[in-house]
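The values are calculated or read from the model by the stated rules, or taken from the named source; none is laboratory data. The model shown is predicted, which means the values in this text are computed figures rather than measured ones. Glycine also receives a Cβ, built like all others from the backbone with ideal geometry; neighbour counts cover every protein chain displayed.
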């Protein structure tokens, strides 16, 4: 398992170095959003609706909306300054009975294992909680979020469950249509209690399964085996370097297709442009063949002027 946190449990003067591991894993079958026309997964970008542009991470700040459309901004340094000072210690504040805690307070479980040379203190805390029947109520900060936590013995492991703070639990008064005064028929109540007694059994978690997940996985396999219209393949992403190379080659051809009087100079310019464009595209096209400049006979008078062309002689 991957270590998600390293620190220590602290109670009194005892310091227990531990590593933290996530105790649960997500088994949900995740379905992605697919464009039906071509089978491509839909992507979501960070965009600004006002500037109509995609926003890079370095241009993003954190903000709290204190009024509609008005935000107070924080940079990373300001947020780091107000983080809890001790983010590497699970500080046990009290020991209580587990039966005193309503399950609504529990959030997410983690396993704690001894780290470095802390196995002696780890075993001491584990056995002390097991024999006392108590659990520890601690405070911890994980990923900049501070929360309560319950520290308890689970077989030969110390288990920690993060807990909600009291002000995070909504009041029952906010739940609509709760009965204020129950008028229960005693005979019906007796039968209901008998039914509960008949259905009572020891808790065996292995006999409970996610039937929806199993049905969805079975449907996925049947669709794959059938290879019907519901099985699509996302098109391969276009290679932009090929497109750029074609543009570079086209520009090179256009550069060398010049008038005959400028062919020599244009060919040089065309080859230079072709190399530059190809380099920008990430690949070098084959060098264009050197254009042969027209032969210019020596001037008769030495003044650089070309002589008049001689009339071609007819073959005998």
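Which residue pairs have Cβ atoms under 8 Å apart, sit 6 or more places apart or on different chains, and have a first residue in the range 45-73 that is in contact (Cβ under 8 Å) with a residue 12 or more places away in the chain and a second that is surrounded by 10 or more Cβ atoms within 10 Å (Cβ to Cβ) and not in a loop (DSSP other than H, G, I, E, B)? Correct list of pairs: 46/54; 61/74; 62/74; 62/79; 73/62; 73/63. What tally of residues in the range 209-230 results from selecting those that are at pLDDT 80 or above and part of a loop (DSSP other than H, G, I, E, B)? Going through the range 209-230 one residue at a time, the tally reaches 2. Filtering the range 157-208 to residues that are assigned to a helix (DSSP H, G or I) and over 47 Å from the mean Cα position of the chain (by Cα) leaves 186, 187, 188, 189, 190, 191, 192, 193, 194, 195, 197, 198.
The strands (runs of 3 or more DSSP E) found wholly in the range 8-111 and carrying at least 1 residues that are under 30 Å from residue 212 (Cβ atoms) occupy 14-22. Checking every residue in the range 126-134 against the condition of being in the same structural domain as residue 12 (by TED's automatic domain parsing) and in contact (Cβ under 8 Å) with a residue 60 or more places away in the chain gives zero matches. Taken over the range 33-44, the residue count meeting the criterion of being in contact (Cβ under 8 Å) with a residue 60 or more places away in the chain and loosely packed, with under 10 Cβ neighbours inside 10 Å is 1. Among the residues making up the range 93-121, a single one is closer than 9 Å to residue 16 by Cα and either modelled with pLDDT of 95 or more or in contact with a helix residue (DSSP H, G or I) (Cβ under 7 Å, 6 or more places away or on another chain) (or both): 114.
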